[in-house]
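Here, each number is a calculation from the coordinates, and none is a lab measurement. Predicted, not measured: the structure shown is a model, and the values here were computed from it. All Cβ positions, even for glycine, are placed from backbone atoms using ideal geometry, and neighbour counts span all protein chains on display.
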Amino acid sequence: MKRRDRHGMPTDDEVIDAIRSVPTHHTFLAGYDKKVTWTPTAGALATFNITEHSWEEAVEKLVTTHSGTAGIQYLLAGVLSGKGNFKANLDDAQLVSNSTISIRAGTNGVMNFYAFASGSNPWTVPCMIISVPVKSVVMGLVSYECNVELNGVAGTYARPS
């Protein structure tokens, strides 16, 4: 029988038991445990402590269905493309739009998206920065995004192995 307080909510002990029952293969870390690195073409490596990131690769779908496929769709993979972004908080002592870091729309370079706290095995993405939206939310916090798209002219694409 589950223990509940007078409002029908779980007790502190029940919440603690639930937290302890999380499978041990999950490791939750405080702070900025993931990162993104960025090296602009002809520039220096910069590492960002991010609040989140994403990467999505896709292919152009080429439909090759013909009279011999009995009405079943046949597909071929076309051009590989990809898009992603990261979100972070702006530090006015280290502006990311400066000429060294170059987080600016139209800049080419290589971005590494790290999915593991170990800091190894990133997606290595040659890309162009497409947009950099900036917003001020509350009490002086300024956050920004960096939206990128795969651009083979900037380097070699590699998935975690």
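Which three extents, in angstrom, do the Cα atoms of the stretch 29-154 have along their principal axes, listed largest first?
Reported extents, whole Å, longest axis first: 64, 34, 30.
If I model a spin label at Leu75 and Val63 as a point 7 Å from the Cα along the Cα→Cβ vector, what separation in nanometres do I get?
Calculated label separation equals 1.2 nm.
7 Å from Cα along Cα→Cβ at both Glu56 and Phe116: what's the point-to-point distance in nm?
Distance between label points: 2.5 nm.
If neighbour count is taken as other Cβ atoms inside 10 Å, put Tyr74, Tyr114, Tyr157 in order from fewest to most.
Details: Tyr74 11, Tyr114 20, Tyr157 17.
Lowest to highest Cβ neighbour count: Tyr74, Tyr157, Tyr114.
In whole Å, what is the distance between the alpha-carbon centres of the stretch 114-161 and the stretch 42-67?
The distance from the Cα centre of the stretch 114-161 to that of the stretch 42-67 comes to 10 Å.
Please arrange Val110, Val138, Val59, Val125 by how many other C-beta atoms lie within 10 Å of their C-beta, fewest to most. Show your work: numbers first, answer last.
On the way: Val110 21, Val138 5, Val59 13, Val125 27.
Final ranking by Cβ density, sparse to dense: Val138, Val59, Val110, Val125.
So how do Val134, Val96, Val36 line up by other beta-carbon neighbours within 10 Å, fewest first? Display every interim value, and only then the final one.
Numbers: Val134 11, Val96 19, Val36 26.
So the ranking, lowest neighbour count to highest, is Val134, Val96, Val36.
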